[in-house]
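Working notes for the structure below.
Values quoted throughout were computed directly from the atomic coordinates according to the rules given, and no laboratory measurement underlies them. Nothing here was measured: the structure is a model prediction, and the numbers come from that model. All Cβ positions, glycine included, derive from the backbone under ideal geometry; neighbour counts span all protein chains shown.
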Amino acid sequence: MCPASWCTIHRERISKNLELALGLVPAGRWFCAVLKADAYGHGISQVVPLVQEQGVTCIGITSNAEARVVRDAGFGGALIRLRTATPQEIDGALGDQVEEQVASISTARLIRAYIDTNRYGDRVHLSLNASGMSRDALEVSTGPGQDTCRQILGVLGKNIGGICTHFPSNEPHELTQSSELFQQQVSWVLENSDLSRKDVLVHAGSSLTLVSDVDVDTDMYRCGAILYGILKPEHGFRSTMDLGARVVSLQEYPKGSSVGYDRASHLDQDRRLACISIGYENGFRRIAHGKCAVSIGNALAPVVGKISMNAIVADVTNIASVQVGDKVNVFGDVNGARISPQMAEAQFQTILADLFTDWGLRNHRVYR
Ligand SMILES: *Cc1c(COP(=O)(O)O)cnc(C)c1O
């Protein structure tokens, strides 16, 4: 096996990040490890054992395939789906004890039918649109929304074991407001049902909520990003994925040469260029054209010309030691020099979670 480009997954860093995150959870609150999107590109089957090791009792997923992997790994705890499922998904996940979200009467009736035939025995989570994510949760600030909510409560009754929301912003002022609104809506639900507060898991908040200074009233935090070192390096969280490739050729080109498709770049002087074994096929996105670098042998080499499908070209005129076959650090600290999260986010114009989920799928994964 000789992959042209590869993600190195640092398992021990995931474990360390998890340990740090668990340390931030206030006493008496729960923690849900979010392993959706194939554990943010890290490979869910490799990450499940790490969260099991530290006694995590709840895992969040979105797809049935992910649920299957988690159960295959022997995880017996709560498995929560983090978005509304399709009817097909609900049916397909019955064997894996997935706790579904409900925000419509049709979903409530469907789950009721499975409960009545002993095919669904888990908690159902009523999902509220408390603070304006407006994605799939129920809006209960309106009359029709309240009617729907009463009907759902009538259909599912005590099978509702959770009430949840997802905050669209963790900016302190917004978080405080969202959290208060959610608590009001939870109170309204409790007043309009036979549910009692102590029997219901009320949960909201993600990684950014956990690290914010706002004390959000939640029974459980659902955290993904923080496990993968996507936030708060100043608190010791380290990013858990590196992306590497290799130098495949070194060539000298004279001043004035055009470089890459459409002749979009030209050399201002004689230059030595390295061709590197990664391209947009591997998630080295074309948008990075003209504003990115890679690191080779502890030095930064600017990428020149448009990004090809399987290749990029970097200017290594000033890196005397570089040789064909050398490792290139596209992200992380593969060889000492660092392409930091901030640099990657700037050059690819997106967030690290987007890059990780993409890179993990498009490159061979090596586990440390
Ligand atoms: C993805 C997701 C989370 C985790 O978010 P992070 O910012 O990665 O911690 C929590 N809750 C829901 C509903 C999600 O979809």
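Just a few scattered comments:
- Close amide H partners of residue 328, meaning residues 5 or more places away or on another chain with modelled amide H under 5 Å apart, are 245, 246, 247.
- Shape category assigned to region 275-368 from the gyration tensor of Cα positions, a/c cut at 1.5: rounded
- One chain, two ends: residue 366 and residue 24. Fully extended at 0.36 nm per residue, the span grows by 120.2 nm beyond their Cα-Cα distance.
- Under 12 Å, Cβ to Cβ, from residue 187 - net charge with Lys/Arg +1 and Asp/Glu -1: -2
- Only Cα pairs under 8 Å and 6+ residues apart enter the sum, and on that basis the relative contact order of region 11-228 stands at 22 percent.
- Residues with amide H under 5 Å from that of residue 366, placed H, sequence gap 5 or more: 7, 8, 9
- Where no second cysteine Cβ lies under 4.7 Å, the cysteines concerned in the chain: 2, 7, 149, 164, 223, 275, 292
- Note, ³J(HN,Hα) from phi for region 318-333, Karplus 6.51, -1.76, 1.60, rounded to Hz, x at Gly and Pro: 9, 10, 4, 7, 5, 9, 4, x, 5, 6, 10, 9, 8, 8, x, 10
- Degrees separating the helix 352-362 axis from the principal Cα axis of the chain, which is the longest one: 70
- Estimated inter-spin distance, residue 258 and residue 54, nm [label 7 Å along Cα→Cβ]: 5.2
- Distant-in-sequence amide H partners of residue 138 (H built 1.01 Å from N, under 5 Å): 127, 128, 129
- Partners of residue 306 within straight-line reach, counting aspartates and glutamates whose Cα lies under 15 Å from its Cα and excluding those fewer than 8 residues away in the same chain: 262, 281, 315.
- For the cross-link pairs 16/198; 36/327; 232/291; 16/36, the ones whose C-alpha atoms lie over 28 Å apart are 16/198; 36/327.
- Full-stretch length increase - residue 235, residue 12 - with 0.36 nm per residue and alpha-carbon distance subtracted: 78.6 nm
- Phi angles across region 63-69 convert, under the Karplus curve 6.51 cos²θ - 1.76 cosθ + 1.60 with θ = phi - 60°, into 3J(HN,Hα) values of 9, 4, 4, 5, 4, 4, 4 Hz, Gly and Pro given as x.
- Mean Cα-pair separation over length for the chain, i.e. relative contact order, pairs under 8 Å, 6 or more apart, %: 19
- Length released on extending from residue 351 to residue 323, taking residue separation times 0.36 nm less the Cα-Cα span: 6.9 nm
- Gyration tensor (alpha-carbon) shape descriptor, the chain, a/c threshold 1.5: prolate
- Taking the C-alpha atoms only, the angle from helix 143-156 to the longest principal axis of the chain is near 80 degrees.
- Measuring max minus min along each principal axis, the C-alpha atoms of region 11-228 give extents of 49, 43, 28 Å (largest first).
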